[in-house]
1. For segment 153-171, which positions are assigned to a loop (DSSP other than H, G, I, E, B), open to solvent by less than 40 Å² (accessible area, probe 1.4 Å) and not hydroxyl-bearing (Ser, Thr, Tyr)?
2. Looking at GLU108, GLU44, GLU139, GLU93 in this structure, which one is under 25 Å from LYS185 (Cβ atoms), acidic (Asp, Glu) and in contact with a Lys or Arg (Cβ under 8 Å, 6 or more places away or on another chain)?
3. When both residues are 6+ apart or on different chains and their Cβ atoms are under 7 Å apart, which pairs have a first residue that lies in segment 230-251 and is more than 24 Å from TRP211 (Cβ to Cβ), and a second that is open to solvent by 10 Å² or more (accessible area, probe 1.4 Å) and hydrophobic (A, V, I, L, M, F, W, C)?
4. I need the full set of residues from segment 234-256 which are within 23 Å of PRO173 (Cβ to Cβ) and assigned to a strand (DSSP E or B), in order please.
5. Quick check on segment 9-21. Is at least one of its residues at pLDDT below 90 and either in a loop (DSSP other than H, G, I, E, B) or open to solvent by less than 30 Å² (accessible area, probe 1.4 Å) (or both)?
6. May I ask you to list the residues in segment 236-260 that are surrounded by 23 or more Cβ atoms within 10 Å (Cβ to Cβ) and within 17 Å of LYS97 (Cβ to Cβ)?
7. I'd like to check something: does segment 60-77 contain any residue that is under 17 Å from the mean Cα position of the chain (by Cα), assigned to a loop (DSSP other than H, G, I, E, B) and modelled with pLDDT of 95 or more?
8. Return the pairs, sorted by first residue and then second, in which the second residue is open to solvent by 30 Å² or more (accessible area, probe 1.4 Å), the first residue lies in segment 26-51 and is closer than 18 Å to MET87 by Cα, the beta carbons are less than 8 Å apart, and the residues are 6+ apart or on different chains.
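The values are calculated or read from the model by the stated rules, or taken from the named source; none is laboratory data. Treat the numbers as computed from the prediction; the structure is a model and nothing was measured. All Cβ positions, even for glycine, are placed from backbone atoms using ideal geometry, and neighbour counts span all protein chains on display. Quick note on the areas: whole protein, heavy atoms, side chains included, nothing else; ligands and nucleic acids left out. Shrake-Rupley method; radii C 1.70, N 1.55, O 1.52, S 1.80 Å.
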Amino acid sequence: MANVAENIDGIAKAIREAYSGEPIPPIRTQLIFQEIDTAYAIQEANTSHWLAEGRRIVGCKIGLTSPAVQKQLGVDRPDFGILFADMQVQEDEPVAKGRVLQPKIEAEVAFEMARDIVSANPTAKEIFDATAFVMPALEIVGSRIRNWEISIYDTIADNASSALFVLGQDKRPLGDLNLREVTMKMTRNGDVASEGKGAACLDNPLNAVAWLAAELGKRGRPLRAGDIVLSGALGPMVPANSGDVFQASIEGLGSVSARFA
């Protein structure tokens with residue numbers, strides 16, 4: 001449990017206010033006890049606040065699954081954040097300037113779940129069986145923490161540095177797809193900006209979703225039928241600037257694009 005001595009609501013409010021203002025200093029400096037559960041308690045405080053305001057949860061994102069991204073941010077374990085319906089952007093919808101603080105982008109495999117996950121420690125096979133479809137996806141991440149100066153505690157508290165996401169139009173059943181071996185290529189304005197493969201995501205995106213399902217179950221928000229899961233980056237994330245156009249292709253899944261106004 002998060003330590004009651006921490007100013008959870010105050011830190012959560014500071015993060016919320018940064019969405020429409022300026023990035024704030026790392027929140028870990030305000031923590032008496034730097035604990036994972038405390039960081040998730042801050043995230044949950046904001047989730048509850050936003051639900052009370054009428055936002056709707058549509059799934060989760062998994063972060064920090066790629067060794068390349070872990071190295072970029074100086075962290076050593078995955079995390080997760082909540083996806084809300086208003087975070088989805090269509091491929092033909094430009095991302096307005098200023099909508100995301102300090103935006104970066106990464107390509108990944110998105111899952112749509114066919115049924116609830118009730119097992120306390122689900123296996124990759126259980127996730128395979130519970131998956132309705134997979135899709136190529138672009139996650140536009142952003143940080144409310146100044147200069148992306150984050151630790152694991154900062155990014156978890158900040159809803160896993162989530163911002164927006166774009167889903168490809170093609171939904172594919174897993175069938176005989178080997179997600180560990182799929183290759184990804186992402187271009188920015190026509191030039192290759194990031195490359196990777198499924199094994200970069202906890203050795204297999206199915207492993208990442210299994211990890212998420214176990215974590216969510218422990219924290220009282222189990223994966224449900226219909227949930228969308230962004231399973232984690234297949235390669236390094238890339239800064240995004242005004243006017244940039246990104247396109248990612250994932251072998252066997254298709255392609256997805258995003259553009260910034």
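1. From segment 153-171, those assigned to a loop (DSSP other than H, G, I, E, B) are 158, 162-163, 168-171; that's our starting set.
Filter again for open to solvent by less than 40 Å² (accessible area, probe 1.4 Å), leaving 158, 162-163, 168.
Across segment 153-171, the qualifying residues are ASP158, ALA163, GLY168.
2. Details: GLU108 fails: in contact with a Lys or Arg (Cβ under 8 Å, 6 or more places away or on another chain); GLU44 fails: under 25 Å from LYS185 (Cβ atoms); GLU93 fails: in contact with a Lys or Arg (Cβ under 8 Å, 6 or more places away or on another chain).
Only one candidate passes the filter, namely GLU139.
3. Going by the 7 Å Cβ cut-off, the qualifying pairs are VAL238/ALA193; ALA240/PHE260; ASN241/PHE260; SER242/PHE260; SER242/ALA261; GLY243/PHE260; ASP244/PHE260.
4. First pass over segment 234-256, keeping only residues within 23 Å of PRO173 (Cβ to Cβ): 234, 248-256.
Passing the criteria: ALA248, SER249, ILE250, GLY254, SER255, VAL256.
5. If we filter segment 9-21 for residues that are at pLDDT below 90, which is where we start, we get 21.
So of that shortlist, the ones also either in a loop (DSSP other than H, G, I, E, B) or open to solvent by less than 30 Å² (accessible area, probe 1.4 Å) (or both) come out as 21.
Yes, segment 9-21 contains at least one residue that is at pLDDT below 90 and either in a loop (DSSP other than H, G, I, E, B) or open to solvent by less than 30 Å² (accessible area, probe 1.4 Å) (or both).
6. ALA240, PHE246, ALA258
7. no
8. Hits for this filter: GLU44/ARG219; ASN46/ARG16; THR47/ILE57; HIS49/ARG16; LEU51/ILE57.
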